[in-house]
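Structure record follows, encoded as structure tokens.
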Amino acid sequence: MPSRRHAIADDLRHQISSGHFQPGERLPSEAQLATRYTVSTPTLRCALALLQGEGLVEKIHGSGNFVRRPLRRTTYVGGVGTSPIPPLRATVRTTNLEAHGELPALLNVPALSPLTELFYVTHDGKAPHSLARIYVPRELAPVGCPSPEQMRARLADLHPPLSEIQERLGARLPTQDESTALRISTSLPVLSLTRVATDTTGRVVEVARIVLPGDRADALFTTRLTTDEGTPTE
């Protein structure tokens, strides 16, 4: 016999799939739903968390729970960045700070070295889609607030040129701040990428920390093999 939270989630899931609740529509308040199903508010919230984890419902703090509209998927292309089609809208905030925590080791600089952080939030319509924090040595910081595409082009045009891009990919649960910014459940895993770009002198010129919700993101890494004669294989 299913638990109450699973039974409630099943019923709400059916109402969403049948069109009783439309994409973008606000669900009844948690208090109203708890009364309707004769359960406690914590039990009701556990049921909603199941639907949030499935990507069917999103909780907007201060507004309530809404049926999630279909979201476009994003492909993270190794060594380049996110590649939605068509491109998503991005907002950026630039902050000057000093290297702290893991940043000195990642950037291979002394603690408290001057850095610039570019914090990107991409949006699909009004819905937040992904987060990225990019760190560069202060003297290499771009002027103004460049778009993600402009930052990628800037890396490609660096002198000395890039020599290596190292990427570490993992899956984890989001922090509370990430959950709130992306409007996802804390039980929905995210893809967490750390990208370190190094030029031909061995200097780290950029560290990017990217968070992509697991319900709408894929990562693509392509390895081009060669034959003994150095010719790419088919």
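A viscosity of 1.002 mPa s and a temperature of 20 °C, combined with the Kirkwood radius over C-alpha pairs in the Stokes-Einstein formula, give region 27-71 a diffusion coefficient of 199 µm²/s. With neighbours defined as other Cβ atoms within 10 Å of a residue's Cβ, the residues HIS159, HIS123 order from fewest to most as HIS159, HIS123. Rounded to the nearest 20 debye, the dipole magnitude of the chain is 980 debye, with +1 charges on Lys and Arg beta carbons, -1 on Asp and Glu beta carbons, and the Cα centre as origin. Counting other Cβ atoms within 10 Å as a rough exposure proxy, the listed residues LEU182, LEU220, LEU169, LEU88 run LEU220, LEU169, LEU88, LEU182 from fewest neighbours to most. Straightening the chain between THR75 and HIS20 buys 16.6 nm, computed as 0.36 nm per residue apart minus the Cα-Cα spacing. Rg and Dmax of the chain, based on Cα coordinates, read 21.6, 73 Å.
Looking at the chain, which longest stretch skips every one of the trypsin sites (Lys or Arg not before Pro) that is in a DSSP loop with at most 10 other Cβ atoms within 10 Å, leaving the sites themselves out? Please list the in-between numbers first.
On the way: sites that count: LYS126, ARG224.
The longest uninterrupted stretch comes out as 1-125.
Positive-end ranking of VAL196, LEU97, SER113 along the dipole of region 74-220, with charges on Cβ about the Cα centre, is headed by LEU97.
Extending 7 Å from the Cα toward the beta-carbon at both VAL143 and GLU98 defines two label points whose distance is 2.9 nm. Between the residues GLY62, THR175, THR186, the greatest Cα displacement towards the positive end of the dipole of the chain, with unit charges on the Cβ of Lys, Arg, Asp and Glu, is found for GLY62.
Every read-out reported here was derived from the displayed coordinates using simple, explicitly stated rules and does not represent laboratory data. Note that this is a predicted model, so its numbers are computed, not measured. A quick note on method: Cβ atoms are made from the backbone with ideal geometry, for glycine too, and the neighbour counts reach across all protein chains shown.
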